[in-house]
Amino acid sequence: MGEALFDRVARFYDYETEYFASDIPFYVDYAKKCKGEVLELGCGTGRVLIPIAKEGIKIAGLDASEEMLNVARKKIEKLDITINGNIEIVQGDMKQFNLKKNSH
């Protein structure tokens, strides 16, 4: 896969969005209501993904940008192992991907 749209700005993305967090409680509450594992398409640097995982919810994040995911990985590595264990991130195109999970 070639360079993704956000690869060039990945290291600056969190600085640009750090004051935009008012939507996070909405996504966390919705994830709780799902009562199961969550998939976030376009998870980027983990801005929404990590707060959901901190609530004890298993979440898989998919993003086309390997550089955005590298930023997310660095943040995830710093988390407590119980939170870290709730997160799976995958690089891929949301138009066609496989998380390699068995359906129930």
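The values are calculated or read from the model by the stated rules, or taken from the named source; none is laboratory data. Being a predicted model, the structure only gives us computed values, none of them experimental. In this analysis, Cβ positions are derived from the backbone assuming ideal geometry, glycine residues included, and neighbour counts consider all displayed protein chains.
Quick check on my filter: what residues within the range 66-104 are of a type outside the set (A, V, I, L, M), under 14 Å from residue 44 (Cβ atoms) and in contact with a strand residue (DSSP E or B) (Cβ under 8 Å, 6 or more places away or on another chain)? Reasoning before the result, please.
First pass over the range 66-104, keeping only residues of a type outside the set (A, V, I, L, M): 66-67, 70, 73-75, 77-78, 80, 82, 84-86, 88, 91-93, 95-98, 100-104.
Among the residues that remain, those that are also under 14 Å from residue 44 (Cβ atoms) are: 66-67, 70, 73-75, 91-92.
66, 73, 91, 92 - these are the residues of the range 66-104 that are of a type outside the set (A, V, I, L, M), under 14 Å from residue 44 (Cβ atoms) and in contact with a strand residue (DSSP E or B) (Cβ under 8 Å, 6 or more places away or on another chain).
So, residue 39, is that one surrounded by 15 or more Cβ atoms within 10 Å (Cβ to Cβ) and not basic (Lys, Arg) or not?
Working: surrounded by 15 or more Cβ atoms within 10 Å (Cβ to Cβ): yes; not basic (Lys, Arg): yes.
Taking the combined requirement at face value, the residue satisfies it.
Any residue at all in the range 36-56 that's of a type in the set (S, T, N, Q) and under 17 Å from residue 91 (Cα atoms)?
We begin by selecting, within the range 36-56, every residue of a type in the set (S, T, N, Q); these are 45.
Next, only the ones that are under 17 Å from residue 91 (Cα atoms) stay: 45.
Looking through the range 36-56, at least one residue is of a type in the set (S, T, N, Q) and under 17 Å from residue 91 (Cα atoms).
What helices (runs of 4 or more DSSP H), lying completely within the range 22-83, carry at least 1 residues that are within 9 Å of the chain's Cα centre (by Cα) and within 27 Å of residue 8 (Cβ to Cβ)? It would help to see each step written out before you state the result.
Numbers: elements: 24-34, 49-54, 66-77.
The helices (runs of 4 or more DSSP H) meeting that bar are 49-54, 66-77.
State which residue pairs qualify: first residue of a type in the set (D, E, K, R) and inside the range 78-104, second residue modelled with pLDDT of 90 or more and assigned to a loop (DSSP other than H, G, I, E, B) in any location, beta carbons under 7 Å apart, and separation of 6 or more residues or different chains.
93/64
Answer yes or no as to whether residue 3 is at pLDDT 95 or above, within 19 Å of residue 73 (Cα to Cα), outside any helix (DSSP H, G or I) and not aliphatic (A, V, I, L, M). So that I can check it myself, show each step before the final result.
Working: at pLDDT 95 or above: no; within 19 Å of residue 73 (Cα to Cα): yes; outside any helix (DSSP H, G or I): yes; not aliphatic (A, V, I, L, M): yes.
No; evaluated as a whole, the condition is false for this residue.
Can you say whether residue 68 is touching a residue at least 40 places away in the same chain (Cβ under 8 Å), within 25 Å of residue 4 (Cβ to Cβ) and crowded, with 20+ Cβ neighbours inside 10 Å, as far as the supplied structure shows?
Details: touching a residue at least 40 places away in the same chain (Cβ under 8 Å): yes; within 25 Å of residue 4 (Cβ to Cβ): yes; crowded, with 20+ Cβ neighbours inside 10 Å: yes.
Yes, satisfied.
Any residue at all in the range 45-55 that's of a type outside the set (Val, Ile, Thr), out of contact with any His (no Cβ under 6 Å at 6 or more places or on another chain), surrounded by fewer than 16 Cβ atoms within 10 Å (Cβ to Cβ) and within 23 Å of residue 6 (Cα to Cα)?
Checked against the condition, which is being of a type outside the set (Val, Ile, Thr), out of contact with any His (no Cβ under 6 Å at 6 or more places or on another chain), surrounded by fewer than 16 Cβ atoms within 10 Å (Cβ to Cβ) and within 23 Å of residue 6 (Cα to Cα), the range 45-55 yields no hits at all.
Give the range 47-65 a look and list any residue that's touching a strand residue (DSSP E or B) at 6+ places or on another chain (Cβ under 7 Å) and acidic (Asp, Glu), or say none.
Passing the criteria: only 63.
Could you tell me which numbered condition residue 10 fails, if it satisfies all but one of (1) assigned to a helix (DSSP H, G or I); (2) closer than 21 Å to residue 82 by Cβ?
(2)
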